[in-house]
Structures are given as C-alpha cells and as structure tokens.
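J.: Let me begin by handing over the structure; questions about it come next.
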Amino acid sequence: MNTKEKSFKQALKKIANTVAIVTCENGERRDATTVAWITKVSNVPPLIMISVSSKRYIHNLISEAKEFNVAIIGEELEDLALFCGTKTAYDVDKFNEWNIETMKPYLISSPLIKSALVNLECTLVNKFEVGDHTAFIGEVVAAHNLREGKPLIVTDRLCTLD
Ligand SMILES: Cc1cc2nc3c(=O)[nH]c(=O)nc-3n(C[C@H](O)[C@H](O)[C@H](O)COP(=O)(O)O)c2cc1C
C-alpha cells in the first residue's frame, strides 16, 4: 500500500460504522456474514443499503433469494461478528459451527438472529455495482425490536478485517 492509499485508509476509518450480521437463506443454502458497510437510505419507503463484495458467499445468495435479514447486534456479540466476518460459508455452516440461535421470520425466508438487538427483514428492491462491491438496497418489510443495548460499532480489533 503506498502513502496516499495509507492516508486514505486512515481517514476513511473515521467513518463510524454499525456492525450487522446479514443472514440469507435460499432453499438448502444459508449464510450469516458480518457487514459494516450498511446505512439507511430512505424513510418512506424504509430502505437500507448494504455493500457486499462479490467474493462473499452471501453475495450470490442474496442475488438469488432476493431478500436478506439484517441483525443489528450489541457490543457483547463482538466475537460472533469476528467469527461471521472471518469464516466463509464456502467452507462451513456458520449456524452449526457457532450454534447461532435463530428465530422464524414473519415475511421472508431468511433466519433471524435471536441474540440480536434488532432484526430487519428486507426484500431486495435494487442492486448495483459500486467499485469493488455491490450495493444491495433492501426494503424493510418487518422489524423485530428484541432488546435494548448499545449497537456494536467497528472497533480497532474488528477494523483490520473489514
Ligand atoms: C467487522 C467486519 C466488517 C465487515 N464488513 C463487510 C462489508 O461491509 N462488506 C463485505 O463484503 N464484507 C465485509 N466483511 C468481510 C466478510 O464478513 C467476510 O469476508 C466473511 O468471511 C464473508 O463470509 P461469506 O463468504 O460466508 O459471505 C467484514 C468483516 C468484518 C470482520
């Protein structure tokens, strides 16, 4: 990495990002992937955007399923975020490996994460390439407020990996 790239990287780290675990299920295939590039983009209709590299297993899964769930997790789930952000569904079933407890969604097929603060069921309404990632725009069709707590923000420990 050259000096200019290093300085850009350092500056961009100042953008605070909430850490979410995005889940998606399509038939026999499922995944739970850590995503920090996530933001609201509209109130009416309620739209959120996640930015996902095409290298991720979940990338094609979302494209095919046309839906995903966003679990906003609390600070106590940092280790789970690390796990879902370093393991890939190309190699392991993350749900079985970590024993992730799920809940049934109301309107989509992708599983909810029981220990999250909030789960947002989304249907895919748009997707487009943005540089080396794909922006997936999801309409929130159901929201589950499960518990109060401080949402996990990207920490120095997690930062090197996103
Ligand atoms: C804190 C953190 C944040 C991350 N944010 C993103 C992200 O916003 N977009 C992305 O494509 N990958 C992100 N990653 C990387 C993926 O979570 C990681 O490559 C994961 O192993 C992909 O799993 P999959 O192949 O099962 O989809 C992040 C990783 C960490 C640890």
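J.: Within the stretch 80-94, restricting attention to residues that are within 12 Å of I21 (Cα to Cα) and aliphatic (A, V, I, L, M), which residue is farthest from the ligand (Cβ to nearest atom)?
T.: Ranking the qualifying residues of the stretch 80-94, first place goes to L80.
J.: Please determine, by comparing only the residues of the stretch 84-121 that are of a type in the set (S, T, N, Q) and part of a strand (DSSP E or B), which one is nearest to D31 (Cα to Cα).
T.: By that ranking, first place goes to T102.
J.: Name the residues in the stretch 26-49 that are more than 11 Å from the ligand (Cβ to nearest atom) and under 14 Å from the mean Cα position of the chain (by Cα), would you?
T.: K40, I48, listed by residue number.
J.: Quick test for you: out of E121, E139, pick the one residue that is away from the ligand (no atom under 11 Å from the Cβ), in contact with a strand residue (DSSP E or B) (Cβ under 6 Å, 6 or more places away or on another chain) and open to solvent by less than 30 Å² (accessible area, probe 1.4 Å).
T.: On inspection, the qualifying residue turns out to be E121.
J.: Turning to a different aspect of this structure: From the list E101, E139, which one is over 30 Å from A11 (Cβ atoms), of a type outside the set (F, W, Y) and free of Cβ contacts under 8 Å to residues at least 60 places away in the same chain?
T.: E101
J.: Name the residues in the stretch 50-73 that are more than 9 Å from the ligand (Cβ to nearest atom) and either part of a loop (DSSP other than H, G, I, E, B) or buried (at least 19 other Cβ atoms within 10 Å of the Cβ) (or both), would you?
T.: Selection gives I62, A65, K66, E67, F68, N69, V70, A71, I72, I73.
J.: Let me ask something else. Scanning the stretch 85-99 for residues that are open to solvent by less than 100 Å² (accessible area, probe 1.4 Å) and among the charged types (D, E, K, R), which turns out nearest to V35 (Cα to Cα)?
T.: Filtering the stretch 85-99 for residues that are open to solvent by less than 100 Å² (accessible area, probe 1.4 Å) and among the charged types (D, E, K, R), the one nearest to V35 (Cα to Cα) comes out as K87.
J.: For A81, indicate whether it is more than 16 Å from K127 (Cα to Cα), outside any loop (DSSP other than H, G, I, E, B) and either in contact with a His (Cβ under 7 Å, 6 or more places away or on another chain) or open to solvent by less than 30 Å² (accessible area, probe 1.4 Å) (or both).
T.: Yes.
J.: Of the residues T134, T102, which single one is away from the ligand (no atom under 12 Å from the Cβ), open to solvent by less than 90 Å² (accessible area, probe 1.4 Å) and in contact with a helix residue (DSSP H, G or I) (Cβ under 9 Å, 6 or more places away or on another chain)?
T.: Of T134, T102, the one residue that is away from the ligand (no atom under 12 Å from the Cβ), open to solvent by less than 90 Å² (accessible area, probe 1.4 Å) and in contact with a helix residue (DSSP H, G or I) (Cβ under 9 Å, 6 or more places away or on another chain) is T102.
The values are calculated or read from the model by the stated rules, or taken from the named source; none is laboratory data. The model shown is predicted, which means the values in this text are computed figures rather than measured ones. A quick note on method: Cβ atoms are made from the backbone with ideal geometry, for glycine too, and the neighbour counts reach across all protein chains shown. Ligands, DNA and RNA are stripped out before the accessible areas are found, and what is left, the full protein with its side chains, is counted by its heavy atoms. Shrake-Rupley method; radii C 1.70, N 1.55, O 1.52, S 1.80 Å.
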